[in-house]
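A.B. asks: My questions will all concern the structure given below.
No value in this document is a laboratory result; all are computed from the given coordinates. For clarity, every value in this text was computed on a predicted model and none was experimentally measured. No Cβ is skipped: glycine too gets one built from the backbone with ideal geometry, and neighbour counts run over all protein chains shown.
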Ligand code: GP9
Ligand code: MN
């Protein structure tokens, strides 16, 4: 044994040995931090492996730089690099404690005015164990200072540092390949900073974030106010005057936006296992005081939920790649629904049972002017309360009641459900319908989670009735995007007992619900073609807000002038007459392929294609160039992100102060939470 330690010490006394020791210690403390300081949501053996593996490639690379140096310098450089990366880790630990997210270039530059006051509160949030991330450095310094390990000044073969660098690249390649295999689109779709750290580590994250920021910043730096000219011209030329019959019918009412996760239109009235899959939503759909649309499409790209949110709140399209909420949400200027309504006396709040960092909501919501963001941190946590991406809908909606009742009225509240999310898993005790029998595992559970979502909506609507909130609220429902992607055509054909399910069918399959439900509303099923981009102008008209001066790419769905051209993010489209998929055109009514368009048809098709690409590219220009910073609509005050904080303690304090401010709790003479009835098995005593 002694001989072994002797050997080991001899090894550490060499330059290479010291380098290996430093990497080992660095690895240990990083893993310690991963497990105790962050909440990365590691699931399964592959993610665990990658979490343990990911500190190695970049540490080898960075500390390896020191090996290129000669003699003592090599040791000094190694310690300096170690110190810098440790400070980066330390800073992130502190930031994460406050914000459940990682630092970004944008935030650090400080110019973004995302008020985070971290400096002020730093002493208050530091924990003694945070300093353990410097322990490796201290150990190395002590070992050298007390000459337990000697500095090796011998010259090293020049090939060795080069080999180390090459090795780090190889290891990184392995890391990236495995990560992409586990989570496709990891780098392009930009889900969540937590994902990058979980899969690639904190050092790769800084590079990733830096490149991303540099790219988006360069475009913004080159943009100027004259770029708005073409946008304004287009918006003016395509303006559709809203339907006056509906103007202001919901003025002053509370607004609930109920985000039905992955909910497709086909589920409405769909039957399986001898029952309606979504009886509660069906009932709302058919009610006289519900304005329902049956030709309404989602228009999302890679950003999926984030794209849907962006379109609904701002009437701007998501980007062709990635998620605009992530790449541009922190820095851009917006004139979004929460801010517009906020300036008309509304309180705004978004509710979602997932971590705040997902899709960069924690930052983007500030740019949109959300007063509150009730993320998973605001809810009681128990292991069986969660499934997939977050809280189970029944528990989430029920536990939201305690916050809804404290909001000063009128309010604009967005409830983002999540249980009906790919891969549609639901625990046995919550299943109340058989899975479908297509044999496709990712399709068959869909009706089960959709049914669960429907039941949770039923419970929520009952509570609205019990509390009387239904009388002074407009409840808007929408499906954010497809639940079953185009990769499951065979299974979908089986769902409809059809032989075939082709590209045209798949385009029509992108319909999602859009319903506006309100006491006294002149409802019915409306067949107008439209999509998510049109929601904001439609709602603004119902709420009596004149948005003529705003830059919005959609138009009021109830307007007689509404152009019924639904643009998909990839340039495909649907109109009442024509549908484009790739390079093929179809008749929308019959689904027949137009093999050879007539000259006249060709002209029309070219015209629509042109309209769609113009619309998308102008919207992209607004987002990537941050053009709304040059734009001041009349009567709108620019949002100052510093005014917003979603820190739980701050928000709860603010809510307390809202007493006597026309809240439900005050109107009801006490809490209404016990009026919320749920059959969620997890909540049974
Ligand atoms: C996560 C949820 C899912 O918070 O919104 O997003 P999606 O995967 O549907 O885009
Ligand atoms: Mn979604």
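A.B. asks: Each label point is 7 Å from the Cα along the Cα-to-Cβ direction; what then is the distance between the points at residue 496 and residue 245, in nm?
C.D. replies: The two pseudo-label positions are separated by 3.0 nm.
A.B. asks: Taking Cα atoms, how many degrees apart are the long axis of helix 446-467 and the longest axis of the chain, rounded to 10 and kept between 0 and 90?
C.D. replies: The angle comes out near 70 degrees.
A.B. asks: When a footprinting reagent is the concern and you count Cβ atoms within 10 Å, what order do 202, 605 take, fewest first? Mind dumping the intermediate values first?
C.D. replies: Numbers: 202 23, 605 18.
Lowest count first: 605, 202.
A.B. asks: So for the chain, averaging the separation of alpha carbon pairs under 8 Å that are six or more residues apart and normalising by length, what relative contact order in percent results?
C.D. replies: Details: 1196 pairs, mean separation 131.0, N = 685.
Taking the mean separation of contacting Cα pairs over the length of the chain, I get 19 percent.
A.B. asks: On to the next question. Assuming a ≥ b ≥ c are the square roots of the Cα gyration tensor eigenvalues, decide whether the stretch 559-676 counts as rounded (a/c under 1.5), prolate (otherwise, with a/b larger than b/c) or oblate. Spell out each step's value before the answer.
C.D. replies: Working: a/c = 3.60, a/b = 2.16, b/c = 1.66.
Taking the square roots of the gyration eigenvalues as a ≥ b ≥ c, the stretch 559-676 is prolate.
A.B. asks: Between residue 83 and residue 160, what length in nm is gained on full extension when 0.36 nm per residue of separation is reduced by their alpha carbon distance?
C.D. replies: Details: separation 77, 0.36 × 77 = 27.72 nm, distance 2.34 nm.
Separation in residues times 0.36 nm, less the Cα-Cα distance, equals 25.4 nm.
A.B. asks: Would you work out if the chain is rounded, prolate or oblate? Take a ≥ b ≥ c from the square roots of the eigenvalues of the alpha-carbon gyration tensor; rounded if a/c is under 1.5, else prolate when a/b is larger than b/c, oblate otherwise. Don't jump to the answer; show the numbers that get you there.
C.D. replies: Numbers: a/c = 1.82, a/b = 1.66, b/c = 1.09.
Judged from the Cα gyration tensor, the chain comes out prolate (a/c at least 1.5, a/b above b/c).
A.B. asks: By how many degrees, between 0 and 90 and to the nearest 10, does the Cα long axis of helix 135-145 differ from the longest principal axis of the chain?
C.D. replies: Long axis of 135-145 versus the principal axis of the chain: about 20 degrees.
A.B. asks: Can you give the FRET efficiency for residue 601 and residue 230, using 1/(1 + (r/R0)^6), R0 = 25 Å, r = Cβ-Cβ distance, to the nearest 0.05?
C.D. replies: On the way: r = 28 Å, r/R0 = 1.14.
Using R0 = 25 Å, I get an efficiency of 0.30.
A.B. asks: Can you work out the FRET efficiency for the pair residue 441 and residue 590, with r the C-beta to C-beta distance and R0 = 35 Å, to the nearest 0.05? Write down the numbers at each step before the final one.
C.D. replies: Numbers: r = 33 Å, r/R0 = 0.95.
Rounded to the nearest 0.05, the efficiency is 0.55.
A.B. asks: Which of 151, 475, 231 comes first, and how do the rest follow, when ranked by fewest Cβ neighbours within 10 Å?
C.D. replies: Ordered from fewest to most neighbouring Cβ atoms within 10 Å, 151, 475, 231 come out as 151, 231, 475.
A.B. asks: Checking the a/c ratio against 1.5 first, then a/b against b/c, what shape does the Cα gyration tensor give for the stretch 196-271?
C.D. replies: Numbers: a/c = 2.81, a/b = 1.31, b/c = 2.15.
Oblate, since a/c reaches 1.5 and b/c is not below a/b.
A.B. asks: Going by how many other beta carbons lie within 10 Å of each one, how would you line up 590, 188, fewest first? Could the numbers behind the result be given before it?
C.D. replies: Values: 590 8, 188 11.
Result, fewest neighbours first: 590, 188.
A.B. asks: Using the per-residue mean of other Cβ atoms lying within 10 Å as a proxy for protection, in what order, highest first, do the peptides 561-572, 298-309 fall? Numbers along the way, then the final one.
C.D. replies: Details: 561-572: 18.4, 298-309: 25.0.
Result, highest mean Cβ count within 10 Å first: 298-309, 561-572.
A.B. asks: Turning to a different aspect of this structure: What nm distance separates the two modelled labels at residue 97 and residue 8, each placed 7 Å from Cα along Cα→Cβ?
C.D. replies: 3.3
A.B. asks: A follow-up question, please. Testing the spin-label approximation: label points 7 Å from Cα along Cα→Cβ at residue 485 and residue 508. State their distance in nm.
C.D. replies: The modelled label-to-label distance comes out at 2.4 nm.
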